[in-house]
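Report on the structure given below.
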Amino acid sequence: MEATYCAGVLSRGKLPVSNLRKSDHGFQRLTSQRKAIASVSCHLSNGLGESSCKSHGFHGGSYHGGAVGKGKDPILQTRCSAGVSMYGESFLESHSHATEDKIGVLLLNLGGPETLHDVQPFLFNLFADPDIIRLPRLFRFLQWPLAKLISVLRAPKSKEGYAAIGGGSPLRKITDEQAHALKMALEAKNMPVNIYVGMRYWYPFTEEAVQQIKRDKITRLVVLPLYPQFSISTTGSSIRVLQNIFREDACLSRLPVAIIQSWYQREGYVRSMADLIAKELERFPKPEEVMVFFSAHGVPVSYVEDAGDPYKDQMEECIYLIMQELKARGINNDHTLAYQSRVGPVQWLKPYTDEVLVELGQRGVKSLLAVPVSFVSEHIETLEEIDIEYKELALESGIKNWGRVPALNCTSSFITDLADAVIEALPSAKAMTNSEGTSEEMDNDPLRYLVKMFFGSVLAFILLLSPKMVLAFRNHLF
């Protein structure tokens with residue numbers, strides 16, 4: 001599994017959307033004259049996994065790799081508020097000033113194992129992230145042991161999946177290609193930039209990418225997560241890492257940074273997705289009868305209900321905008337949304353992709369077009385989970401005609417829109433500061449800490465050895 005992020009619920013037909021975009025004129029907000037500032041506030045907890053480092057990169061302003069330094073930071077919690085400004089007439093003046101700077105663009109992604117040998121350590125990095133497995137404070141000392149246990153147990157099954165797609169993830173290669181394409185698109189718009197790639201859980205890691213940014217003496221930085229929708233466990237986790245690094249470095253703490261927290265609502269992205277869907281529909285014998293099946297990566301219910309993750313709402317709004325664009329082209333197919341890649345014994349947002357595929361077959365749906373809406377690059381969730389597992393399940397359930405929309409990858413209209421997003425975001429760059437201290441006081445009483453450790457350990461072992469937990473691990477982790 002290369003990702004563990006948010007999910008949402010969507011039934012067949014019209015989507016429940018926020019009041020921001022219930023009108024068919026949703027794109028009116030997305031013109032070049034926009035001046036509204038869209039911002040997202042997120043609570044992010046800290047805690048880095050342990051990894052060794054590698055350095056990979058192009059010279060002369062392409063991307064640079066990164067590495068995770070050894071060691072463990074204290075568990076902190078901060079609030080980040082980063083926005084993207086969309087400027088109209090004032091943009092040209094800001095852009096002319098930006099050309100005097102040394103501008104950097106940092107692309108963020110999850111990363112993926114490049115060989116079967118990499119699978120288990122990659123999974124450890126993934127599950128050691130406190131934004132992926134959110135343990136109560138009393139049990140946080142179990143984060144690394146639990147990550148080790150899960151990664152060892154899950155590695156054999158994950159290796160089978162990666163073996164089925166060639167022995168490793170193509171995510172890094174595709175992200176490199178996107179970085180190069182974005183650099184060319186920005187240079188075509190008279191904005192020379194250095195592009196950096198930072199992966200969260202595998203090489204090239206975010207941490208060394210940031211150090212390369214510092215060595216290159218970048219004067220303004222745009223952070224562009226390659227996730228259209230914001231989630232605590234994707235964009236949020238990566239931003240938390242950036243905050244920790246910048247807070248501890250006097251030089252970086254003064255660097256103006258613009259963070260594009262989500263971009264699912266951008267007209268260029270929506271039209272690019274609609275283009276791909278329309279093209280694939282034409283491959284079916286009767287395009288008008290095809291069910292458009294959006295499959296997004298899921299997250300536990302608690303992320304949305306307890307932690308306030310906006311991913312579910314953003315995903316529903318994203319689907320609404322895509323379907324509105326298709327309707328404007330005369331494409332009125334039925335559609336639905338479900339969520340894939342759940343793992344572990346906790347409840348994830350429903351409906352689940354595998355269950356919905358069976359239901360659609362039982363309802364007599366014969367033609368289905370799968371759309372991996374939360375992914376902009378091909379990786380294991382698209383190439384193995386959708387193309388192999390879900391396709392087989394769909395055909396077994398009675399669906400006769402199966403198709404799948406490819407990920408955006410380096411689609412020219414998509415890359416051009418990302419370039420526009422970078423240019424529009426740049427004027428809003430400001431230093432990343434922490435106006436708030438830790439939201440949780442560290443426990444300075446040694447006796448109290450030892451008591452918590454003791455009872456926490458007892459409770460943890462009771463929990464892990466309970467029949468319910470053993471059954472859950474057997475059903476969901478193997």
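The values are calculated or read from the model by the stated rules, or taken from the named source; none is laboratory data. Note that this is a predicted model, so its numbers are computed, not measured. When we count neighbours, we look across all protein chains shown, and the Cβ atoms used for this are built from the backbone with ideal geometry, even at glycine.
Out of Tyr311, Tyr269, Tyr352, one residue alone is buried (at least 22 other Cβ atoms within 10 Å of the Cβ), among the hydroxyl-bearing types (Ser, Thr, Tyr), at pLDDT 95 or above and out of contact with any helix residue (DSSP H, G or I) (no Cβ under 6 Å at 6 or more places or on another chain). It is Tyr311.
When you look at Glu305, is it surrounded by fewer than 17 Cβ atoms within 10 Å (Cβ to Cβ) and either within 17 Å of the chain's Cα centre (by Cα) or of a type outside the set (Lys, Arg) (or both), yes or no? Against the criterion (surrounded by fewer than 17 Cβ atoms within 10 Å (Cβ to Cβ) and either within 17 Å of the chain's Cα centre (by Cα) or of a type outside the set (Lys, Arg) (or both)), Glu305 qualifies.
Against the criterion of being over 28 Å from Pro310 (Cα atoms) and either β-branched (Val, Ile, Thr) or crowded, with 21+ Cβ neighbours inside 10 Å (or both), Thr219 qualifies. Does Asp387 count as in contact with a Lys or Arg (Cβ under 7 Å, 6 or more places away or on another chain), assigned to a helix (DSSP H, G or I), at pLDDT 95 or above and closer than 25 Å to Ser158 by Cβ? In short, yes.
Only one of the numbered conditions (1) under 23 Å from Leu108 (Cα atoms); (2) in contact (Cβ under 8 Å) with a residue 60 or more places away in the chain; (3) buried (at least 18 other Cβ atoms within 10 Å of the Cβ) is violated by Arg404, and that is (1). Give the residues of segment 326-352 that are under 25 Å from the mean Cα position of the chain (by Cα) and free of Cβ contacts under 8 Å to residues at least 60 places away in the same chain, sorted by residue number. Within segment 326-352, Leu326, Gln340, Val346, Gln347, Tyr352 meet the criteria. The helices (runs of 4 or more DSSP H) falling completely within segment 117-222 that include 3 or more residues that are touching an Asp or Glu at 6+ places or on another chain (Cβ under 7 Å) map to 171-188. Restrict the check to segment 192-202 and report whether at least one residue is surrounded by fewer than 21 Cβ atoms within 10 Å (Cβ to Cβ), farther than 30 Å from Ser151 by Cα and at pLDDT 95 or above. Within segment 192-202 (the criterion being surrounded by fewer than 21 Cβ atoms within 10 Å (Cβ to Cβ), farther than 30 Å from Ser151 by Cα and at pLDDT 95 or above), the answer is yes, since at least one residue qualifies. When segment 154-179 is examined, which residues are found to be surrounded by fewer than 16 Cβ atoms within 10 Å (Cβ to Cβ) and more than 19 Å from the chain's Cα centre (by Cα)? Correct list: Pro156, Lys157, Glu160, Ala163, Ala164, Gly166, Gly167. Number of residues in segment 274-311 that are in contact (Cβ under 8 Å) with a residue 12 or more places away in the chain and within 30 Å of Val346 (Cβ to Cβ): the value is 19.
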